[in-house]
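Written below as structure tokens is the structure these notes are about.
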2 protein chains.
Amino acid sequence: MSRARRTREQQQEQTRQAVREARLRRAGDAERLRAILHGADLPLVVDELERMNTRQRATAFRMLPRDSSVRALQMLEPAVQAELVEALPDAQARLLVAELDPDDRARLLDGLPMDLSERLLRSLTPQEWEATAAVLSHRPETVGRWSTPRLVSVSQEATVADALRAVRADTGDAETVYAVPVVDAEHRVVGVVSLRRLLATDPGRPVHEVMREPISVYASDDQEDAARVVRDHGALAVPVLDDDHRLVGMFTVDDAMRVLQIEEAEDEARAVGRERLDRPYLTTSFLALARGRITWLLILIVAATLTVNVLDHFEDQLQQVVSLALFIPLLIGTGGNIGAQAASTMIRALAIDDVRPGDVFRVMVKELTTGLTLGVALAVFAYLPAQFFTESRVALVISLSLVVVCGLAATAGGVIPLVARRLGVDPAVVSAPFITTFVDATGLVVYFLIAGAVLGL
Amino acid sequence: MSRARRTREQQQEQTRQAVREARLRRAGDAERLRAILHGADLPLVVDELERMNTRQRATAFRMLPRDSSVRALQMLEPAVQAELVEALPDAQARLLVAELDPDDRARLLDGLPMDLSERLLRSLTPQEWEATAAVLSHRPETVGRWSTPRLVSVSQEATVADALRAVRADTGDAETVYAVPVVDAEHRVVGVVSLRRLLATDPGRPVHEVMREPISVYASDDQEDAARVVRDHGALAVPVLDDDHRLVGMFTVDDAMRVLQIEEAEDEARAVGRERLDRPYLTTSFLALARGRITWLLILIVAATLTVNVLDHFEDQLQQVVSLALFIPLLIGTGGNIGAQAASTMIRALAIDDVRPGDVFRVMVKELTTGLTLGVALAVFAYLPAQFFTESRVALVISLSLVVVCGLAATAGGVIPLVARRLGVDPAVVSAPFITTFVDATGLVVYFLIAGAVLGL
């Protein structure tokens, strides 16, 4: 490790230590801690705060310098944010909430108990109240909830000099000034001009000559779709429009990154069948953890009952050749793994529009071929150990079954997400239980049918 | 759906259609297609290009307007990018490559055959050649590979007016001008000042009075770590330093988003045991798909052999009570699911620093409690159907086993990722096979021990 990096890690450890000490509010150390926390790296401070209980967190938070505390509050997980604001004295909570951007404020108030939320809303200035209410008027999970009405825009009749004046006149109020929307008389967005372009252009030129075609989103758009637009275009901010194409806000790249982070956590949680944690792990109760996992386990155990049913049907054959039972976990485990691999590839490909439901035939052919190829490879590989545990005819049954099960599992894993999307269901939600059930049940039927044919049962 | 959104979807379909037609190069339609493609949404165009074969893609690409084509090239998947550049006539390839930013160019050249890459490098101007070589000197997967040496910086003696002049003088060459690094005589970064701040400040003031503490990264830092720094601070760009703290480039938010997208795809692929696809699904061959999945399947099938071994050991008991075999898939399936839920929660918590290896005891207690709670719930739920298929003493064995297996599986799922991290291994890589093996093997041992005790086998 380079010396530069070691120095940085020492500084980080010092910050962490300072935050941990701050939760105890040792009076004598207050000055020293304040000094360290003054220049501290805020994401580190936020990480430490999220590891504390409610009381300690409030104590530590109050030792942060004023302007760091507003930014730290914005960075906390929403559930933790709400807890913290509840734990602070009313006067401090009011000051903090007043300094938030309207969209951050709206998301925070949403998570607070009704009476506290109303008390805080009432303490705002009329302008701030209005801006917050505008954000709250949009449905949750839409980009409207992330767009701020505090913005700088210019009319299409303005000159470059006018636009620069508008940017300068904005004393830090707007969330972004780097992409300036150009609007017509009805407040419809006709273009966007970057601050960089404004600076590089002759001030006398009209803005409509230097603006670009706007990339914009509608306030009612899904937050994830809008965040992808920002990412795919590499934009710093995009205008947010109402359904009459009028400008209602700006959606900035830092909010887009946060949306993608939230959605990623959600997708990944769904893929393994659990709820997303709304708060840091260490401060989540075991009951909340259990609640977040039980639904999927119940669905999967109901599905597993189907497997019991299939096996029950073949109990006679099992009785005759008990060694068939030894390989059931291997067979359905492998099928399940192959199905999960195919499904996860497909869920991602759908999400990034690599594949569409109409491609189902191309996908089916490709997955069947892939699955059979994998099946042959695994069958060859598994034949020898199988022979070690049982007679060679049973080993043959296992190898043949592996080929068929792999082909079926890959095809099912590839097709089920596409069918789900076509039916308007989230592919990540349905794929796991459907594939497990399908692969387990058909895999066992295939296994015993092949066993019946080869062993003459 | 609102009218606004319907209109947009029609425009999108028109763009897709135009790109599809462009691949056939119908001479008569060229003018109409060019007109549509001129204002087209580039991410849509790129999506369509990625669904074509190499020849069609090159034909369609050549119908794009000049400046869209550079941006479209930058947006393509790296493997597809390289294919496309190879398929284009040399003169056009040279023109395109000359217009890329140095970091994009370096990543592209990295994926090309050596002779083509050298030919293209040689056609660059000396300055461009040097800038590209600087990026290529950093190790892959580091942020140095994503940082551009084309930047605007100002000396700490400069005034705000000097800084604004430097920004204006930069005629679109730098990748970003919104965060301007302030350097000392040794070219060490002493601060950063935002363009917004520069515009809002009296031009006569020295920049060192208005700059902020810099948030910076080292060129040798892992690309994902650096991208998280950008995201967590909501920064538009951060200075990239060499090990002597000297400024070597800027890392911008759009590149950070791209890094996070790549790393997310990688993590998610590893979590289900497959390789990340380096190219769009539809243009990936079945052999490449199979190759990306086989390693994990082989590891898991070796692990499954352990399960066969355990079952072999209990073959006598199975012979006596064949109905025990019926519930093996249900039992180890449930254990596997619970283990996967716990592990995926923990892998994520580690990644975002919610949990550290030192928290292993807190995690163990929490997961054991959660697992036993889930086990009791599932045992009650599964008792009745189990009784339906078998006698009530066997149903009791199943219920008791579920409680123990769930407790074990959740604990293992919680602890294994922490141990992996402590040992310096990627938790996402080792967790799945270890947990499956552990849960399958111990689950079966528990099952047959309980069966032995309850049924007196």
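The values are calculated or read from the model by the stated rules, or taken from the named source; none is laboratory data. The shown structure was predicted, so the numbers you read here are calculated from the model rather than taken from an experiment. Glycine also receives a Cβ, built like all others from the backbone with ideal geometry; neighbour counts cover every protein chain displayed.
With respect to A:THR370, determine if the residue is of a type in the set (S, T, N, Q) and modelled with pLDDT of 90 or more.
Spelling it out, A:THR370 is indeed of a type in the set (S, T, N, Q) and modelled with pLDDT of 90 or more.
If you take the residues in region B:201-224 that are closer than 21 Å to A:ALA40 by Cβ and part of a loop (DSSP other than H, G, I, E, B), which one is nearest to the other protein chains (Cβ to nearest Cβ)?
B:GLU213
Only one of these conditions is not met by A:ARG34: (1) surrounded by 13 or more Cβ atoms within 10 Å (Cβ to Cβ); (2) away from chain B (no Cβ under 14 Å); (3) modelled with pLDDT of 85 or more; (4) not in a loop (DSSP other than H, G, I, E, B). Which number is it?
A:ARG34 satisfies every listed condition except (3).
Got a number for residues in region B:346-357 being modelled with pLDDT of 90 or more and facing chain A (nearest Cβ under 7 Å)?
Looking only at that region, the number is 1.
Quick one: would you say A:ALA166 is in contact with a strand residue (DSSP E or B) (Cβ under 8 Å, 6 or more places away or on another chain), assigned to a helix (DSSP H, G or I) and not assigned by TED's automatic domain parsing to the domain that holds A:ARG71?
Values: in contact with a strand residue (DSSP E or B) (Cβ under 8 Å, 6 or more places away or on another chain): yes; assigned to a helix (DSSP H, G or I): yes; not assigned by TED's automatic domain parsing to the domain that holds A:ARG71: yes.
Judged against the criteria, A:ALA166 is a match.
So is A:ALA179 crowded, with 19+ Cβ neighbours inside 10 Å and either within 33 Å of the chain's Cα centre (by Cα) or farther than 24 Å from B:VAL167 by Cβ (or both) or not?
Numbers: crowded, with 19+ Cβ neighbours inside 10 Å: yes; either within 33 Å of the chain's Cα centre (by Cα) or farther than 24 Å from B:VAL167 by Cβ (or both): yes.
For A:ALA179, the condition - crowded, with 19+ Cβ neighbours inside 10 Å and either within 33 Å of the chain's Cα centre (by Cα) or farther than 24 Å from B:VAL167 by Cβ (or both) - is met.
Tally up the residues in region B:314-325 that are at the interface with chain A (Cβ under 7 Å from one of its Cβ atoms), within 17 Å of B:ALA441 (Cα to Cα) and crowded, with 16+ Cβ neighbours inside 10 Å, please.
So the answer is 2.
Looking at B:THR345, B:THR373, B:THR334 in this structure, which one is hydroxyl-bearing (Ser, Thr, Tyr), in contact with a helix residue (DSSP H, G or I) (Cβ under 8 Å, 6 or more places away or on another chain) and under 28 Å from A:LEU378 (Cα atoms)? If you could, list the steps in order and put the result at the bottom.
On the way: B:THR345 fails: under 28 Å from A:LEU378 (Cα atoms); B:THR373 fails: under 28 Å from A:LEU378 (Cα atoms).
Going through B:THR345, B:THR373, B:THR334 in turn, just one is hydroxyl-bearing (Ser, Thr, Tyr), in contact with a helix residue (DSSP H, G or I) (Cβ under 8 Å, 6 or more places away or on another chain) and under 28 Å from A:LEU378 (Cα atoms): B:THR334.
Give me a count of the residues in region B:387-416 that are of a type in the set (Gly, Ala, Ser) and not in a helix (DSSP H, G or I).
0
A quick yes/no check of all residues on (1) in contact with a strand residue (DSSP E or B) (Cβ under 6 Å, 6 or more places away or on another chain); (2) in the same structural domain as A:GLU213 (by TED's automatic domain parsing); (3) farther than 26 Å from B:ALA235 by Cα:
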| position | (1), (2), (3) |
| --- | --- |
| A:VAL160 | no, yes, yes |
| A:VAL177 | no, yes, no |
| A:PRO181 | yes, yes, no |
| A:VAL189 | yes, yes, yes |
| A:ARG197 | no, yes, no |
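For region B:77-128, what are the residues that are among the β-branched types (Val, Ile, Thr) and closer than 25 Å to B:ALA60 by Cβ?
B:VAL80, B:VAL85, B:VAL97
Name the residues in region B:44-55 that are closer than 23 Å to A:VAL230 by Cβ and crowded, with 20+ Cβ neighbours inside 10 Å, would you?
B:VAL45, B:VAL46, B:ASP47, B:GLU48, B:LEU49, B:GLU50
Scan region B:285-309 and report the pairs whose first residue is within 8 Å of chain A (Cβ to nearest Cβ) and over 11 Å from A:THR334 (Cα atoms) and whose second residue is assigned to a helix (DSSP H, G or I) and among the charged types (D, E, K, R), with Cβ atoms within less than 6 Å and a gap of 6+ or a chain change.
Short answer, once both residue conditions are applied: B:PHE286/A:LYS366; B:THR307/B:ASP440.
When only residues in region B:242-272 that are more than 10 Å from chain A (Cβ to nearest Cβ) and not β-branched (Val, Ile, Thr) count, which is farthest from B:GLN74 (Cα to Cα)? Working first, answer last.
We begin by selecting, within region B:242-272, every residue more than 10 Å from chain A (Cβ to nearest Cβ); these are B:246-251, B:259, B:262-263, B:266, B:270.
Narrowing further to those that are not β-branched (Val, Ile, Thr): B:246-247, B:249-251, B:263, B:266, B:270.
On the way: B:ARG246: 28, B:LEU247: 25, B:GLY249: 19, B:MET250: 18, B:PHE251: 16, B:GLU263: 18, B:GLU266: 20, B:ARG270: 26 Å.
So, considering only residues that are more than 10 Å from chain A (Cβ to nearest Cβ) and not β-branched (Val, Ile, Thr), the one farthest from B:GLN74 (Cα to Cα) is B:ARG246.
Determine which single condition A:LEU24 fails, assuming it passes every other condition in (1) away from chain B (no Cβ under 14 Å); (2) outside any helix (DSSP H, G or I); (3) over 23 Å from B:ASP359 (Cα atoms).
Every listed condition holds for A:LEU24 apart from (3).
In region B:97-108, how many residues are among the hydrophobic types (A, V, I, L, M, F, W, C) and crowded, with 22+ Cβ neighbours inside 10 Å?
3
Hey, any hits in region B:397-415 for a residue that's more than 22 Å from A:GLY292 (Cα to Cα) and at pLDDT below 90?
Within region B:397-415 (the criterion being more than 22 Å from A:GLY292 (Cα to Cα) and at pLDDT below 90), the answer is no, since none of the residues qualifies.
Being crowded, with 20+ Cβ neighbours inside 10 Å and not in a loop (DSSP other than H, G, I, E, B) narrows it down to one residue among A:LEU198, A:LEU151; which is it?
Just a single option satisfies the conditions, and that option is A:LEU198.
Between A:SER153, A:SER147, A:SER123, which is more than 14 Å from chain B (Cβ to nearest Cβ) and without any contact (Cβ under 8 Å) to a residue 40 or more places away in the chain?
Answer to the check: A:SER123.
Identify, by number, the condition in (1) within 25 Å of A:ALA4 (Cβ to Cβ); (2) part of a loop (DSSP other than H, G, I, E, B); (3) not hydroxyl-bearing (Ser, Thr, Tyr) that B:VAL193 doesn't meet.
(2)
Taking region A:358-374 as the search range and keeping residues that are of a type in the set (Val, Ile, Thr) and facing chain B (nearest Cβ under 7 Å), which one is nearest to the chain's Cα centre (by Cα)? First the steps, then the outcome.
Within region A:358-374, the subset of a type in the set (Val, Ile, Thr) is A:360, A:363, A:365, A:369-370, A:373.
Then keep just the ones that are facing chain B (nearest Cβ under 7 Å); that gives A:369-370, A:373.
Numbers: A:THR369: 33, A:THR370: 30, A:THR373: 34 Å.
Looking at the filtered set, the residue picked out is A:THR370.
Each row is one residue, and each column tells you yes or no for (1) in the same structural domain as B:THR159 (by TED's automatic domain parsing); (2) assigned to a loop (DSSP other than H, G, I, E, B); (3) out of contact with any Lys or Arg (no Cβ under 9 Å at 6 or more places or on another chain).
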position	(1), (2), (3)
B:ALA227	yes, no, no
B:ASP232	yes, no, yes
B:ASP243	yes, yes, no
B:LEU247	yes, no, no
B:PHE251	yes, no, yes
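May I ask you to list pairs of residues, at least six apart or on different chains, whose Cβ atoms are under 6 Å apart, with the first in region A:417-432 being in the same structural domain as A:ALA342 (by TED's automatic domain parsing) and the second being outside any helix (DSSP H, G or I)?
Correct list of pairs: A:ALA432/A:GLY273.
Quick one: which of B:THR284, B:THR295 is polar (S, T, N, Q), out of contact with any Leu (no Cβ under 9 Å at 6 or more places or on another chain) and within 30 Å of B:LEU84 (Cβ to Cβ)? Explain how you work it out, then say what you get.
Values: B:THR284 fails: out of contact with any Leu (no Cβ under 9 Å at 6 or more places or on another chain).
From the options B:THR284, B:THR295, the qualifying one is B:THR295.
Yes/no per residue for (1) in a helix (DSSP H, G or I); (2) acidic (Asp, Glu); (3) surrounded by 14 or more Cβ atoms within 10 Å (Cβ to Cβ); (4) assigned by TED's automatic domain parsing to the domain that holds B:ALA265:
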site: B:ARG57; (1), (2), (3), (4): yes, no, yes, no
site: B:ALA60; (1), (2), (3), (4): yes, no, yes, no
site: B:MET63; (1), (2), (3), (4): no, no, yes, no
site: B:ASP67; (1), (2), (3), (4): yes, yes, no, no
site: B:ARG71; (1), (2), (3), (4): yes, no, yes, no
site: B:GLN74; (1), (2), (3), (4): yes, no, yes, no
site: B:ALA82; (1), (2), (3), (4): yes, no, yes, no
site: B:ARG94; (1), (2), (3), (4): yes, no, yes, no
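Would you mention how many residues in region B:244-290 are among the basic types (Lys, Arg) and under 30 Å from B:VAL182 (Cβ atoms)?
Taking region B:244-290 as the starting set, the residues that turn out to be among the basic types (Lys, Arg) are B:246, B:258, B:270, B:274, B:276, B:279.
After this cut, where a residue has to be under 30 Å from B:VAL182 (Cβ atoms) as well, the list is B:246, B:258.
Qualifying residue count for the region: 2.
Among B:TYR383, B:TYR447, which is the only one that is in a helix (DSSP H, G or I), free of Cβ contacts under 8 Å to residues at least 60 places away in the same chain and not hydrophobic (A, V, I, L, M, F, W, C)? Step through it out loud before you land on a result.
Values: B:TYR447 fails: free of Cβ contacts under 8 Å to residues at least 60 places away in the same chain.
Of the residues listed, the single one that is in a helix (DSSP H, G or I), free of Cβ contacts under 8 Å to residues at least 60 places away in the same chain and not hydrophobic (A, V, I, L, M, F, W, C) is B:TYR383.
If a residue has to be closer than 11 Å to A:MET346 by Cα and surrounded by fewer than 22 Cβ atoms within 10 Å (Cβ to Cβ) to count, how many in region A:401-418 make the cut?
Selection size over region A:401-418: 1.
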